[in-house]
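Remarks on the structure that follows.
The values are calculated or read from the model by the stated rules, or taken from the named source; none is laboratory data. Nothing here was measured: the structure is a model prediction, and the numbers come from that model. Note that we place each Cβ from the backbone using ideal geometry, even for glycine, and neighbour counts take in every protein chain shown.
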């Protein structure tokens, strides 16, 4: 099984759960900062759980960034904007970063594990 096949298989099995403690803790931090109506990028957005929280609780414009087509389709089906980026390709990461520089008020990244 290739990495891509593995990632897509895992993405298909992932359920939508906006009640995870780390999502709720992130929302509390943002609430304590008094932020509302901001533009947020969720790096590694998965199925868009944090996007839902940001959109619903903070009346914010949300965009999800992920490498998984399955995750991006799930986020799009919930009405969210998406950006595809292969995190394993440095040139693509640099390009996407440059294209979106200064585009967001807040960037979050939850449930992402990076190994170098």
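Please determine whether any residue of the range 33-49 is closer than 17 Å to residue 111 by Cα and out of contact with any helix residue (DSSP H, G or I) (no Cβ under 9 Å at 6 or more places or on another chain).
Yes - at least one qualifying residue is present in the range 33-49.
Would you pick out the residues in the range 74-95 that are buried (at least 16 other Cβ atoms within 10 Å of the Cβ) and touching a strand residue (DSSP E or B) at 6+ places or on another chain (Cβ under 6 Å)? Across the range 74-95, the qualifying residues are 75, 80, 82, 83, 85.
Do we have any residue at all in the range 13-21 that's farther than 30 Å from residue 91 by Cα, part of a helix (DSSP H, G or I) and either without any contact (Cβ under 8 Å) to a residue 60 or more places away in the chain or out of contact with any strand residue (DSSP E or B) (no Cβ under 9 Å at 6 or more places or on another chain) (or both)? Within the range 13-21, one or more residues are farther than 30 Å from residue 91 by Cα, part of a helix (DSSP H, G or I) and either without any contact (Cβ under 8 Å) to a residue 60 or more places away in the chain or out of contact with any strand residue (DSSP E or B) (no Cβ under 9 Å at 6 or more places or on another chain) (or both). Which one of the conditions (1) assigned to a loop (DSSP other than H, G, I, E, B); (2) over 21 Å from residue 5 (Cα atoms); (3) touching a residue at least 24 places away in the same chain (Cβ under 8 Å) does residue 111 fail to meet, given that it meets all the rest? Of (1) assigned to a loop (DSSP other than H, G, I, E, B); (2) over 21 Å from residue 5 (Cα atoms); (3) touching a residue at least 24 places away in the same chain (Cβ under 8 Å), only one is false for residue 111: (2). Please identify the pairs in which a residue from the range 83-105 that is in contact (Cβ under 8 Å) with a residue 12 or more places away in the chain has its Cβ atom under 7 Å from the Cβ atom of a residue that is part of a helix (DSSP H, G or I), counting only partners at least 6 apart or on another chain. Pairs found: 83/96; 84/72; 85/92; 85/93; 85/96; 86/92; 87/93.
(1) touching a strand residue (DSSP E or B) at 6+ places or on another chain (Cβ under 8 Å); (2) at pLDDT below 85: which one isn't true of residue 71, the others all being true? With (1) touching a strand residue (DSSP E or B) at 6+ places or on another chain (Cβ under 8 Å); (2) at pLDDT below 85 applied to residue 71, the lone miss is (2). Can you confirm whether residue 30 is touching a residue at least 24 places away in the same chain (Cβ under 8 Å), over 15 Å from the mean Cα position of the chain (by Cα) and part of a helix (DSSP H, G or I)? Yes: the conditions hold for residue 30.
Can you tell me how many residues in the range 59-73 are farther than 13 Å from residue 42 by Cβ, without any contact (Cβ under 8 Å) to a residue 40 or more places away in the chain and either surrounded by 11 or more Cβ atoms within 10 Å (Cβ to Cβ) or touching a helix residue (DSSP H, G or I) at 6+ places or on another chain (Cβ under 9 Å) (or both)? Final tally of qualifying residues: 1. Scanning the range 74-95 for residues that are modelled with pLDDT of 95 or more, out of contact with any helix residue (DSSP H, G or I) (no Cβ under 7 Å at 6 or more places or on another chain) and not in a helix (DSSP H, G or I) gives a single hit, 81.
Within the range 30-37, none of the residues are out of contact with any strand residue (DSSP E or B) (no Cβ under 6 Å at 6 or more places or on another chain), surrounded by 14 or more Cβ atoms within 10 Å (Cβ to Cβ) and modelled with pLDDT under 80.
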